[in-house]
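Trainee: There's a structure below that I have some questions on.
The values are calculated or read from the model by the stated rules, or taken from the named source; none is laboratory data. What you see is a predicted model; the values in this text were computed from it and never measured. Here the Cβ is made from the backbone with ideal geometry for all residues, glycine too, and neighbour counts use every protein chain on show.
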Amino acid sequence: MKREDIPPYKTAGYVLPRWKMVYLSVPKAACTSIKWLIADLQEEDPARFYSMLSRETARNMTVHHRSLWRNTPMLQELGDQELDDISPDKGWFIFGVVRHPTARLWSGWQSKFLLREPRFVRNYPEAPWPRSPRCTQDVVDGFQEFVRTLQTDPNQPAFRDRHFRRQSMLLGMGRTPYSRIYRTSELGLLLSDMAEHLRPLGVDTLPEFRRSNETPLTAIPRLFDKVTLERIHEYYASDFEHFDYASALPSVEERAEYTTQELAEISRLVERGERIGDLYEIALGYQRRAIDLERRLDVARARNRRLRRQVQATTASRSAYPPSVDRVLGRIADRLKTLPHRSGRGQ
């Protein structure tokens, strides 16, 4: 692999040198489950992910914080010689996973916008946010308005988020050398191929594949009228072409309405996300104050050290002062000895 072959997003690449494997991730294409599988193979510590201060609304979503990975380098971090060794022709298993473009868009809109994910609420206030659904038509209207915005305002900042980027661009199709690109409907085949690749390298059993479902509503036919499908096909044309999806219509559940219970679950999850967002901001405020107090304490300690040095220099020549001054200086020196200081740091 050459440096110019690497897909554009640095944090999307997961290199497993010991296992001669590379995963290029695509959001909303089983990436949460696959990242946990990779993390287990690489012996990444789950506690490190769970303990991070984050707006994520579920524990398993913390695996997406790439800065917390310790044992799994990114492609861009490798040297030219290391990159040159990475190739399917040299025994490496290089793979990505894609999803039907319409199904992926529906899933992304539902998890990020309908459920009002805290990070998206903060980062994209001007995006076309749907109303809280009271009926199925509210969901349909909200999704179709979002799709309409793809055409009328394609430069909307939210559309530059990787969850809504074209998969062909994310994967660097046409230049990155893959062993295979799998569809989400082929996850069983992916796990079989991965196990076959790893077995000669000493892995007898794959780690558990953790299923993750962030979207409570299934796709139903009412979401996808002719105009909506045409707009999606036009916007994601390269994905339909590269990954050979013949129809813009994804798999749907043949029913007309969502139940009252399903719509109520949306409201519950929205409220949960909002509260998590509240708690994140509160905790972030405490964290910032703690950092500021530590900075101010460092300044006070430095001032304390300077005063100590001055007193020591003055005490060394106390005999030159009258007894009354000498007594005052002695009391100051005794008082300074009682002031707190931390040994080992800046001493």
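Trainee: What's the number of the only condition in (1) crowded, with 18+ Cβ neighbours inside 10 Å; (2) more than 26 Å from the chain's Cα centre (by Cα); (3) in a helix (DSSP H, G or I) that His233 fails to meet?
Mentor: Condition not satisfied by His233: (1).
Trainee: If you scan region 295-341, which residues turn out to be hydrophobic (A, V, I, L, M, F, W, C) and modelled with pLDDT of 85 or more?
Mentor: Leu297, Val299, Ala300, Ala302
Trainee: On the given criteria, is Leu75 farther than 26 Å from Asp161 by Cα and surrounded by 14 or more Cβ atoms within 10 Å (Cβ to Cβ)?
Mentor: Criteria not met by Leu75.
For (1) of a type in the set (S, T, N, Q); (2) out of contact with any Asp or Glu (no Cβ under 8 Å at 6 or more places or on another chain); (3) in a helix (DSSP H, G or I), each residue gets a yes or a no:
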position	(1), (2), (3)
Leu191	no, yes, yes
Arg210	no, yes, no
Val227	no, yes, yes
Tyr258	no, yes, no
Gln261	yes, yes, yes
Gly273	no, no, yes
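Trainee: Give region 193-208 a look and list any residue that's touching a Ser or Thr at 6+ places or on another chain (Cβ under 9 Å) and either part of a loop (DSSP other than H, G, I, E, B) or of a type outside the set (A, V, I, L, M) (or both), or say none.
Mentor: Asp193, His197
Trainee: Given the criterion at negative phi, among the small types (Gly, Ala, Ser) and free of Cβ contacts under 8 Å to residues at least 40 places away in the same chain, identify the matching residue among Ser51, Ser25.
Mentor: Ser51
Trainee: Just one of the numbered conditions (1) loosely packed, with under 12 Cβ neighbours inside 10 Å; (2) more than 25 Å from Glu117 (Cα to Cα) is not true of Arg288; which one?
Mentor: The one condition Arg288 does not meet is (2).
Trainee: Please find, among Glu214, Glu254, the residue that is in contact (Cβ under 8 Å) with a residue 12 or more places away in the chain, exposed (fewer than 14 other Cβ atoms within 10 Å of the Cβ) and in the same structural domain as Thr136 (by TED's automatic domain parsing).
Mentor: One residue alone meets the criteria, Glu254.
Trainee: Limited to region 146-164, what total is found for residues that are farther than 20 Å from Glu230 by Cβ and under 17 Å from the mean Cα position of the chain (by Cα)?
Mentor: 5
Trainee: Looking at Arg99, Arg48, Arg131, can you tell me which residue is surrounded by 17 or more Cβ atoms within 10 Å (Cβ to Cβ) and among the basic types (Lys, Arg)?
Mentor: Arg99
Trainee: Which is aliphatic (A, V, I, L, M) and buried (at least 21 other Cβ atoms within 10 Å of the Cβ), of Leu105, Leu150?
Mentor: So the residue among Leu105, Leu150 that is aliphatic (A, V, I, L, M) and buried (at least 21 other Cβ atoms within 10 Å of the Cβ) is Leu105.
Trainee: Just for region 92-133: of the residues that are in contact with a Pro (Cβ under 8 Å, 6 or more places away or on another chain) and modelled with pLDDT under 90, which one is nearest to Pro177 (Cα to Cα)?
Mentor: Among residues in region 92-133 that are in contact with a Pro (Cβ under 8 Å, 6 or more places away or on another chain) and modelled with pLDDT under 90, the one nearest to Pro177 (Cα to Cα) is Ala127.
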